[in-house]
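The block underneath contains the structure these notes are about, expressed in structure tokens.
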There are 6 protein chains.
Amino acid sequence: MRVVLSLGGSVLAPELDAGRVAAYANAIERLVDEGCELGVVVGGGGVARDYIGAARDLDANEVQLDQLGIDVTRVNARLLITALGSSVDPSPAHDYDEAADAIRRGDVSVMGGVTPGQTTDAVAAALAEYVDADLLVYATGANGIYDADPNVDETAEQFAELTPEELVEVIVPMSRDAGASAPVDLLAAKLIQRAGMRAVVLDGHDPEAVENAVLRGEHTGTDVVPAGGAEPSYWAQR
Amino acid sequence: MRVVLSLGGSVLAPELDAGRVAAYANAIERLVDEGCELGVVVGGGGVARDYIGAARDLDANEVQLDQLGIDVTRVNARLLITALGSSVDPSPAHDYDEAADAIRRGDVSVMGGVTPGQTTDAVAAALAEYVDADLLVYATGANGIYDADPNVDETAEQFAELTPEELVEVIVPMSRDAGASAPVDLLAAKLIQRAGMRAVVLDGHDPEAVENAVLRGEHTGTDVVPAGGAEPSYWAQR
Amino acid sequence: MRVVLSLGGSVLAPELDAGRVAAYANAIERLVDEGCELGVVVGGGGVARDYIGAARDLDANEVQLDQLGIDVTRVNARLLITALGSSVDPSPAHDYDEAADAIRRGDVSVMGGVTPGQTTDAVAAALAEYVDADLLVYATGANGIYDADPNVDETAEQFAELTPEELVEVIVPMSRDAGASAPVDLLAAKLIQRAGMRAVVLDGHDPEAVENAVLRGEHTGTDVVPAGGAEPSYWAQR
Amino acid sequence: MRVVLSLGGSVLAPELDAGRVAAYANAIERLVDEGCELGVVVGGGGVARDYIGAARDLDANEVQLDQLGIDVTRVNARLLITALGSSVDPSPAHDYDEAADAIRRGDVSVMGGVTPGQTTDAVAAALAEYVDADLLVYATGANGIYDADPNVDETAEQFAELTPEELVEVIVPMSRDAGASAPVDLLAAKLIQRAGMRAVVLDGHDPEAVENAVLRGEHTGTDVVPAGGAEPSYWAQR
Amino acid sequence: MRVVLSLGGSVLAPELDAGRVAAYANAIERLVDEGCELGVVVGGGGVARDYIGAARDLDANEVQLDQLGIDVTRVNARLLITALGSSVDPSPAHDYDEAADAIRRGDVSVMGGVTPGQTTDAVAAALAEYVDADLLVYATGANGIYDADPNVDETAEQFAELTPEELVEVIVPMSRDAGASAPVDLLAAKLIQRAGMRAVVLDGHDPEAVENAVLRGEHTGTDVVPAGGAEPSYWAQR
Amino acid sequence: MRVVLSLGGSVLAPELDAGRVAAYANAIERLVDEGCELGVVVGGGGVARDYIGAARDLDANEVQLDQLGIDVTRVNARLLITALGSSVDPSPAHDYDEAADAIRRGDVSVMGGVTPGQTTDAVAAALAEYVDADLLVYATGANGIYDADPNVDETAEQFAELTPEELVEVIVPMSRDAGASAPVDLLAAKLIQRAGMRAVVLDGHDPEAVENAVLRGEHTGTDVVPAGGAEPSYWAQR
């Protein structure tokens, strides 16, 4: 089973904490031990936010902010790599070819952002497309997709399952406002749609949640399932 | 005046034709003679469509199709470069840093796509953001933005002017369907929105239309003007 | 058995056609299944000819034409890669080290041109030298080497077998004229000579002809056999 | 006058602070306005310390710690670049050739670390050697070189002036202990010695101190002056 | 006037000698002072011969020998660069784009070999093609082109002038034998032919001979002049 | 058992000699046959000394001299590679990541210098740190570490065993003088100290000495053994 895991910066590194990184490294290694082939895409977290904030005060433009953010995602990728054993490519991948080649050779590949104008959410979706992943997992700060922002609207209801088309429909209005942030960004949703990919969006604060979702299909987040897609029997039974 | 010009593949190279490339090269050189600093982003055109069609028949995935498309945009970039004189960077830029560095040093930079999952529309917007362009021009197959597809709906009306926020609003429903194609893609529109950039979308079949738009502000397409933005007096008067 | 296969552009992609690419991909995979280690060098074909024609009309110099041609050979390489399964290096090799490293690791490597002033015929010969190939196969538009141009001279006779020295002797007069084109270019012939390499030049329109030549030594083209070289028993018996 | 400026991480970024970065950017721009050619080497600061601490808890080896540190110095370099105007190379230099080439072309070049096992102190000395700098300035947390650690020994006395040979003599005993940290590291001192370079070590908390030292030769730190070197009249009078 | 100068290894570095390198550096700087734009391609000389000899004893294949030779030409290029002043690109160019870009920006570019299977003679011709050089000068161990090998045949007569076509005719028989060496290799001659380039082949042991040939058209070697080419008045009068 | 071997230039290539290179290649292959994982770092030797001497006469600065030296170490690395069989990475590694990745994949990696200001002694120590080598072997011109220079002081006594801390203590005074040369340079000693690494310094003129030291722990040089380190039983018994 081939899996791409998007580790949001707010999940892996809200602030730098070795224990949290170690816990995720352990979860990844258990997935590898169970036979998973893994690509991991990490976000920027608190350090990226700090640099971007400082640069914004210095009147940097948006592409410069993106570049700072990408740099930090790659430092986070390297930090996670130091916590993984010998089955990981020791250099963060800088583009899709590097990541795909490492995965094809049996290594876990860890990468951050790729280019300005493209979030790590979208990078994870593109990598999953490229390596024909069986499953794309977004470990984010929110537990799946809601019909409203659960932080501000108490009546917000979570979707248990969406088709990729429905995912795009739901994300679009959340994405209109420049400042808005959906649990998965719109470009990522559209890449999921064009590839007809299976995905899960779940609360990533506990690394075990990712293990349970990947190995047993058990999670409390949102499943994205292409219409007419096969049952996700592969993870329960492999 | 600093300008980024997006030359749609259907405009520069619907099929390969030296005359058409030469006409665009001439227009670009006249803009340079008038003092413009220029970044040019070219699309894939007919050759890209042919390769992508063949690869789709061979069951390539979407990222592989994107890579083939990017490769062809870079060949188109090189072809346009051969038609430009000594003021052009002789190698197609492969990323934003290379393009921005060439422009900063006084060269015209010509580039194609950058990475899978990002159209050349979006590349042009990101490059314009990065070099703090005064104007972003989309020379496309359609003469601006309409409230419906003018090819199928006779009553479709063109917008003469939109704010970046309105542009996103208009593009979003056109982008829902995986197969749909808006004159400017959604990621590009969102980049325009986040940077509050001035843009023009016009029919690029006649290279002079680009010259007129850049040098005199005269065109029959759609202006994208940030709310509260200054009058575009700079191009008429420079 | 280690083989380098030169796939002329006129053979793989006279025009873009998924069926033809798939047929060659199948032949390559059968060779891999039979235990061959394979490097493949692809030419430019019709698309390269179109770009070069357009650029020539734009007064590009010869090196610029070569660069456009190389770019297109690499797009063709990527197209062939999409048709091959998991045993192929997913990125076209850009130089000999990349190709040799992929082959050494057990992958099929597909590449196009390397540098201006060097044809893909010569690239194939240099790659064969570098990886100490047992056999170099030129799948071209002509069925081997003739003592005259069979397209214009009805009495032209094919050579069944030549030594590398004789090959150079035959190619030299065909190469004097700037416009002339031999089935294998002179630099390639001289590389074959200096390495004392075994080669076959055959009509590549039918991919099975390559299989038969490699696996069973059966073909209707021209064998290039170093004087005193061992019998080519290896392919019949492996 | 050509100057290489080493900006210790504890000086530029003890924690991320736009004001501090802006103040240094202003000082650098005033030096450029006064005709200085400038290479700037920035350290890691608080963010580097945090990543290295986390990685050490994860049992990373020393080279991995160095790589994390280098990554962060490059993010700091990019942050400083965003605060500098159009006279700066927009990409952090990754090696000496990139930095020297930018300086030669009239740009300010900003870089961080280069390779594991080499501190940014040493990078600054090597860059100064390579571009034949007239002056190498270390803006550090300490105000020059003392005969003992002024933080623990109240009687520590500052050297007003040292030859490069004396600098090495003083630094050597400070460098014996693995955990020790001299204001300038031993490899840097030895590079200064081999090149017979003029250097200043001063308290960099106030960016104006650097300006005063470079433009007027006024500072309260330590001068390193090769025996028989010319008077440093060049900066007072240029 | 734009000139590409091919400095044979036997001319620049038969053995390593600072005086010889300095003399050539001086000649190059005088050409620059006279307004020439210059690309310089250096050969391998005695050091290359030693490495290739050792590697041949170790059963290296021909491509490995080429790679060792290319490596050494690049060391020679760097040595010549250290002897040139500030108008030279400080890094040896590794491909045609790097060299052409440096020349376009007003630097002297120094390069060695590019890729296996291509001599530095051919590199010089391809670079001259690419930058549309007015003149290509081969400073070799022989004083021009002869109708026989002057070292073995006392009656060998020098050609004072040849067309590119005649050059190819003369070189071909010299190139048949694998061990043979013409003053200019066959691939170079064919590149000169296809580009219709003006060239001079002369004895390069005295750097002043190159100056005289470039600046005043005076030399005792062989002129290669395209049929119907303009008089070489440009160098006498510039 | 994982070993990094530093082959001093004076040991591998005092002058170029195929027999000496072959002897070392054989020793390396026997170590591989015995199950060792190997990284090899080679020095510059006589050719480097010649280039550096010539460049010094041309007034090159110290960094330029380092760059020439690094270039030559890489040519030496390639020469050694041609003598090794199929278990070696065919390209010299240019940085630690390339070397570590090759070793991790089961190849022998051969590299030279990495960057100016860092000797190949230090490169070997950093590579050993990075790949967590069990043993670092310096095959040098001297048979271990002495308390004085044995070439000038007859009473100089060899240390049979030192801790890393003692090694630094001994090396420091040898390193004070700019012209001085210790058997292992100071930066290397300090890297050994910070990593608490086990090392051997021995006379490398006979390749078998390296084999004996690695496989059987028998040598007549100096052991560097971290205080409290385990007995080096691993090499006797593996």
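Which numbered condition in (1) more than 19 Å from the chain's Cα centre (by Cα); (2) closer than 22 Å to residue B:136 by Cα; (3) within 10 Å of another protein chain (Cβ to nearest Cβ) is the only one that residue B:13 fails?
Result: residue B:13 passes all but (1).
Using the structure shown, decide if residue D:141 is more than 25 Å from residue E:106 (Cα to Cα) and surrounded by 23 or more Cβ atoms within 10 Å (Cβ to Cβ).
Working: more than 25 Å from residue E:106 (Cα to Cα): yes; surrounded by 23 or more Cβ atoms within 10 Å (Cβ to Cβ): no.
No; evaluated as a whole, the condition is false for this residue.
Residue-wise test of (1) of a type in the set (A, V, I, L, M, F, W, C); (2) closer than 21 Å to residue F:205 by Cβ; (3) more than 14 Å from every other protein chain (Cβ to nearest Cβ).
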position	(1), (2), (3)
F:134	no, no, no
F:139	yes, yes, yes
F:142	yes, yes, yes
F:145	yes, yes, yes
F:151	no, yes, yes
F:160	yes, yes, yes
F:166	no, no, no
F:171	yes, no, no
F:175	no, no, no
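Does segment C:8-23 include one or more residues that are touching a Gly at 6+ places or on another chain (Cβ under 6 Å), open to solvent by less than 10 Å² (accessible area, probe 1.4 Å), at pLDDT 95 or above and not in a strand (DSSP E or B)?
no
Which residues, taken from segment D:209-230, are among the hydrophobic types (A, V, I, L, M, F, W, C), open to solvent by 50 Å² or more (accessible area, probe 1.4 Å) and touching a residue at least 60 places away in the same chain (Cβ under 8 Å)? Break it down into steps so the answer makes sense when it comes.
Taking segment D:209-230 first, the residues among the hydrophobic types (A, V, I, L, M, F, W, C) are D:209-210, D:213-215, D:224-225, D:227, D:230.
After this cut, where a residue has to be open to solvent by 50 Å² or more (accessible area, probe 1.4 Å) as well, the list is D:227, D:230.
Residue satisfying the conditions is D:227 alone.
Just give me the residues in segment F:30-53 being away from chain E (no Cβ under 13 Å), open to solvent by 40 Å² or more (accessible area, probe 1.4 Å) and touching a residue at least 12 places away in the same chain (Cβ under 8 Å), in sequence order. Write out each step before concluding.
From segment F:30-53, those away from chain E (no Cβ under 13 Å) are F:30-43; that's our starting set.
The next check asks that each one be open to solvent by 40 Å² or more (accessible area, probe 1.4 Å); those that pass are F:30, F:32-35, F:37.
Within segment F:30-53, F:30, F:32, F:34, F:35, F:37 meet the criteria.
Among what's in segment F:103-113 and is of a type in the set (Val, Ile, Thr) and in a strand (DSSP E or B), pick the residue that is surrounded by the fewest Cβ atoms within 10 Å (Cβ to Cβ). It would help to see each step written out before you state the result.
Our first condition is that a residue be of a type in the set (Val, Ile, Thr); within segment F:103-113, this holds for F:103, F:108, F:110.
This time we only want the ones that are in a strand (DSSP E or B), so: F:108, F:110.
Values: F:108: 25, F:110: 30.
Across segment F:103-113, the extreme among qualifying residues is F:108.
Within segment A:61-90, count every residue that is outside any helix (DSSP H, G or I) and surrounded by 22 or more Cβ atoms within 10 Å (Cβ to Cβ). Before the answer, list the steps.
Restricting attention to segment A:61-90, the residues satisfying the condition of being outside any helix (DSSP H, G or I) are A:61, A:84-90.
Retained after the next criterion (residues that are surrounded by 22 or more Cβ atoms within 10 Å (Cβ to Cβ)): A:84, A:88-89.
Matching residues across segment A:61-90 total 3.
Pull up segment D:157-187, narrow it to residues that are touching a Phe, Trp or Tyr at 6+ places or on another chain (Cβ under 8 Å) and buried (at least 22 other Cβ atoms within 10 Å of the Cβ), then point me to the one that is modelled with the highest pLDDT.
So, considering only residues that are touching a Phe, Trp or Tyr at 6+ places or on another chain (Cβ under 8 Å) and buried (at least 22 other Cβ atoms within 10 Å of the Cβ), the one modelled with the highest pLDDT is D:184.
Can you tell me which of A:100, A:133 is surrounded by 23 or more Cβ atoms within 10 Å (Cβ to Cβ), within 21 Å of residue A:188 (Cα to Cα) and within 17 Å of the chain's Cα centre (by Cα)? Spell out how you get there, then give the answer.
Numbers: A:100 fails: surrounded by 23 or more Cβ atoms within 10 Å (Cβ to Cβ).
None of the others qualify; the one that does is A:133.
So in segment E:114-130, with the set limited to residues that are over 15 Å from residue E:198 (Cα atoms) and more than 9 Å from every other protein chain (Cβ to nearest Cβ), which one is surrounded by the most Cβ atoms within 10 Å (Cβ to Cβ)?
From segment E:114-130, those over 15 Å from residue E:198 (Cα atoms) are E:114-120, E:123; that's our starting set.
Retained after the next criterion (residues that are more than 9 Å from every other protein chain (Cβ to nearest Cβ)): E:119-120.
On the way: E:119: 23, E:120: 27.
Within segment E:114-130, the match that is surrounded by the most Cβ atoms within 10 Å (Cβ to Cβ) is E:120.
Look at segment C:24-52 and say how many of its residues are under 20 Å from residue C:143 (Cα atoms) and outside any helix (DSSP H, G or I).
5
Please find, within segment C:54-80, the residue that is nearest to the chain's Cα centre (by Cα) out of those that are facing chain B (nearest Cβ under 8 Å) and over 23 Å from residue B:20 (Cβ atoms).
Filtering segment C:54-80 for residues that are facing chain B (nearest Cβ under 8 Å) and over 23 Å from residue B:20 (Cβ atoms), the one nearest to the chain's Cα centre (by Cα) comes out as C:74.
Within segment B:119-135, is there a residue that is more than 26 Å from residue A:65 (Cβ to Cβ) and out of contact with any Pro (no Cβ under 9 Å at 6 or more places or on another chain)? If you could, list the steps in order and put the result at the bottom.
Within segment B:119-135, the subset more than 26 Å from residue A:65 (Cβ to Cβ) is none.
No, segment B:119-135 contains no residue that is more than 26 Å from residue A:65 (Cβ to Cβ) and out of contact with any Pro (no Cβ under 9 Å at 6 or more places or on another chain).
Of all residues in segment F:91-102, which are assigned to a helix (DSSP H, G or I) and of a type in the set (A, V, I, L, M)?
Step one: list which residues in segment F:91-102 are assigned to a helix (DSSP H, G or I), which gives F:96-102.
Of everything in segment F:91-102, those that are assigned to a helix (DSSP H, G or I) and of a type in the set (A, V, I, L, M) turn out to be F:99, F:100, F:102.
Could you give me the residue pairs with C-beta distances under 7 Å whose first residue belongs to segment E:92-109 and is facing chain B (nearest Cβ under 10 Å), whose second residue is of a type in the set (A, V, I, L, M, F, W, C) and part of a helix (DSSP H, G or I) wherever it lies, and which are 6+ apart or on separate chains?
Hits for this filter: E:96/C:63; E:96/E:126; E:96/E:127.
The values are calculated or read from the model by the stated rules, or taken from the named source; none is laboratory data. Treat the numbers as computed from the prediction; the structure is a model and nothing was measured. We place every Cβ from the backbone using ideal geometry, glycine too, and count neighbours over all the protein chains shown. Remember, those area values only see protein heavy atoms, side chains included, never the ligands or the DNA or RNA. Shrake-Rupley method; radii C 1.70, N 1.55, O 1.52, S 1.80 Å.
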